[in-house]
Amino acid sequence: MKDIFPGPGKISIQSLDFIYPATLLTETHDVEIYDANILDSSYEQILEFVERYSPDVTILTTAPNYLFWRCCPLGISTPKELSLLIKKESDTKLILIGPHPTVSPEWVINECQADFLIRGEPEISLYEFIKSNLEDTNIKGVYGNGVTTNGIAVVDNLEDLPVCDYSLIKQYKYHAYLAKNYKTGAIIEFSRGCKFNCIFCFNQLFRNKYRARPVCKVIEEIKLLKEKYGYQYFYFIDELFNHDTPQFRLLLKELKDLNIQIGCQCRPDIMNEDLLKEMKNAGCLIIEYGIESFAKEILYGLHKNINVKKSKFIIEKTSEIGIITRGFILYGLPDENIKSLETTRRMVWALNSKIFIGSNIVIPYPTTQLFKQVYGSKTEIGKSEWNYCSKNIGKLSHTHKFVIMLYRYIIHVQNRAKLLYKKYK
Ligand code: SF4
């Protein structure tokens, strides 16, 4: 049986959601990963490939790539157009994965005319379902062809994920996410999920519970990528990289000997100086902190009770220790007002060029607590709920959208100005 996984998207990073199941399937199947994103393929080129390869099964994702499962587009126009074309032009069985099939299976399967969906974390279920020649419809997460009650797949034990077979994507050169000094880089996964519960986090149905992979598998992948494919920079896709467990400390210890550089996402409140030093020694080049706001009442409302003083301290220490420090601010948050925006602006200014600030306007994704706050509890999430999210971006704040945009601009400009000043001083 032949299977293909075309992967559309904007940022060129490895699609681990495809590589894991494809690796497992290579034992019994002829598998090809076609990265339509990195090739910048047109629909015609994708169809040409499907025609040439003539797969029995084709798998598409509705997220632009693996990084975007939790901040995906609010529509499915691209996967829908591609799905309909593939169904029209070939006899392949079409399976869709991604956040949209997970949250809104009925809407997605009807719009995209897919044969099946895999809801939730797809890797193991997808492998088992294809291995069963699409016959075992009792597999967790499988949806379609009259099967609607199998629930959502979760990879409970990350030990079940294989060491990725990177020969499946050896023809592609991927970007070094955030690291400008490297031409290429690899995405890697040590852990999945998070023990916190921020109300805006789109993690209720997948990547929710914290789990970690065996350190030996992660190290094996890094060595393979470095020695065989020349990668020197690795970005850990984990939601909560600095969750301080013995397994995490072991990972840092093992990374030390590899002479590579890494980037990652962390929470400032569970960071400490000792851990920062360990991370630096392990080759940490970049840390991204989810800050959201420096106003304590806003953080409280987000269920992200981060101590602002501690955040500031950790940001300063991270920068002092020589790790590039990035922070994310969200705007349009519930109860946000001029005072809270001003508090955040002042703190960014006070951090005095120690941090690169990225920002976005919060999206009330379906199934999040934020969505429930503004929309009420809904059991069925379909097209109108996704539309509702896109119409309500930034409308939760007590300030006008213009004020939000103005603050976003001011904070961005003052941060850039300080950084430039520091650079040319
Ligand atoms: S800390 Fe990050 S990953 Fe965890 S719940 Fe909050 S936003 Fe989500």
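The values are calculated or read from the model by the stated rules, or taken from the named source; none is laboratory data. If you're wondering where the values come from, they're calculated on a predicted model, not measured in any experiment. Cβ coordinates were reconstructed from backbone atoms using ideal geometry, including for glycine residues, and neighbour counts include every protein chain displayed. Note: areas computed on protein heavy atoms with side chains; ligands, DNA, RNA excluded. Shrake-Rupley method; radii C 1.70, N 1.55, O 1.52, S 1.80 Å.
With respect to Asn203, determine if the residue is open to solvent by less than 50 Å² (accessible area, probe 1.4 Å), over 30 Å from Tyr229 (Cβ atoms), part of a loop (DSSP other than H, G, I, E, B) and not assigned by TED's automatic domain parsing to the domain that holds Tyr231.
Details: open to solvent by less than 50 Å² (accessible area, probe 1.4 Å): yes; over 30 Å from Tyr229 (Cβ atoms): yes; part of a loop (DSSP other than H, G, I, E, B): yes; not assigned by TED's automatic domain parsing to the domain that holds Tyr231: no.
When the stated conditions are applied, Asn203 does not pass them.
From Ile262, Ile291, which residue is within 16 Å of the ligand (Cβ to nearest atom) and either assigned to a helix (DSSP H, G or I) or not acidic (Asp, Glu) (or both)?
Working: Ile262 fails: within 16 Å of the ligand (Cβ to nearest atom).
None of the other options fit; the residue is Ile291.
I'd like the full set of residues that are open to solvent by 10 Å² or more (accessible area, probe 1.4 Å), of a type outside the set (Val, Ile, Thr) and within 11 Å of the ligand (Cβ to nearest atom), limited to the range 265-287. Explain how you work it out, then say what you get.
Keep residues of the range 265-287 that are open to solvent by 10 Å² or more (accessible area, probe 1.4 Å), which gives 265, 267, 269-270, 272-274, 277-278, 280-281, 283, 285.
When the remaining residues are screened for being of a type outside the set (Val, Ile, Thr), the result is 265, 267, 269, 272-274, 277-278, 280-281, 283, 285.
Matches in the range 265-287: Gln265, Arg267, Asp269.
Would you check if Thr78 is more than 27 Å from Arg211 (Cα to Cα) and among the β-branched types (Val, Ile, Thr)?
Details: more than 27 Å from Arg211 (Cα to Cα): yes; among the β-branched types (Val, Ile, Thr): yes.
Here the answer is yes, as Thr78 does meet what is asked.
Tell me, yes or no, whether the range 205-217 has at least one residue that is more than 20 Å from Asn242 (Cβ to Cβ) and within 15 Å of the ligand (Cβ to nearest atom).
yes
Going through the range 166-181 one residue at a time, which ones are open to solvent by 20 Å² or more (accessible area, probe 1.4 Å) and in contact with a Leu (Cβ under 9 Å, 6 or more places away or on another chain)?
Residues satisfying the conditions are Tyr177, Leu178, Asn181.
In the set Lys183, Lys170, which member is outside the structural domain of Leu370 (by TED's automatic domain parsing) and basic (Lys, Arg)?
Details: Lys183 fails: outside the structural domain of Leu370 (by TED's automatic domain parsing).
Going through Lys183, Lys170 in turn, just one is outside the structural domain of Leu370 (by TED's automatic domain parsing) and basic (Lys, Arg): Lys170.
Can you find a residue in the range 303-316 that is assigned to a loop (DSSP other than H, G, I, E, B), of a type outside the set (A, V, I, L, M, F, W, C), away from the ligand (no atom under 16 Å from the Cβ) and in the same structural domain as Cys266 (by TED's automatic domain parsing)? I'd like the intermediate steps shown before the answer.
Step one: list which residues in the range 303-316 are assigned to a loop (DSSP other than H, G, I, E, B), which gives 303-307.
Of the ones still in play, those that are also of a type outside the set (A, V, I, L, M, F, W, C) are 303-305, 307.
So of that shortlist, the ones also away from the ligand (no atom under 16 Å from the Cβ) come out as none.
No, there is no match, as no residue in the range 303-316 is assigned to a loop (DSSP other than H, G, I, E, B), of a type outside the set (A, V, I, L, M, F, W, C), away from the ligand (no atom under 16 Å from the Cβ) and in the same structural domain as Cys266 (by TED's automatic domain parsing).
For Thr379, work out the one condition from (1) farther than 24 Å from Met347 by Cα; (2) within 23 Å of the chain's Cα centre (by Cα) it doesn't fulfil.
Unmet for Thr379, out of (1) farther than 24 Å from Met347 by Cα; (2) within 23 Å of the chain's Cα centre (by Cα): (2).
Quick check on the range 236-259: of everything there that is more than 16 Å from the ligand (Cβ to nearest atom) and open to solvent by less than 10 Å² (accessible area, probe 1.4 Å), which residue is nearest to Gln171 (Cα to Cα)? Quick ask: steps written out before the conclusion?
To start, the set of residues in the range 236-259 that are more than 16 Å from the ligand (Cβ to nearest atom) comprises 246-247, 249-259.
From what's left, open to solvent by less than 10 Å² (accessible area, probe 1.4 Å): 251-252, 255.
Numbers: Leu251: 29, Leu252: 30, Leu255: 26 Å.
The extreme case among them is Leu255.
Quick check, is Asn360 in contact with a Lys or Arg (Cβ under 8 Å, 6 or more places away or on another chain), open to solvent by 50 Å² or more (accessible area, probe 1.4 Å) and not in a helix (DSSP H, G or I)?
On the way: in contact with a Lys or Arg (Cβ under 8 Å, 6 or more places away or on another chain): no; open to solvent by 50 Å² or more (accessible area, probe 1.4 Å): yes; not in a helix (DSSP H, G or I): yes.
No.
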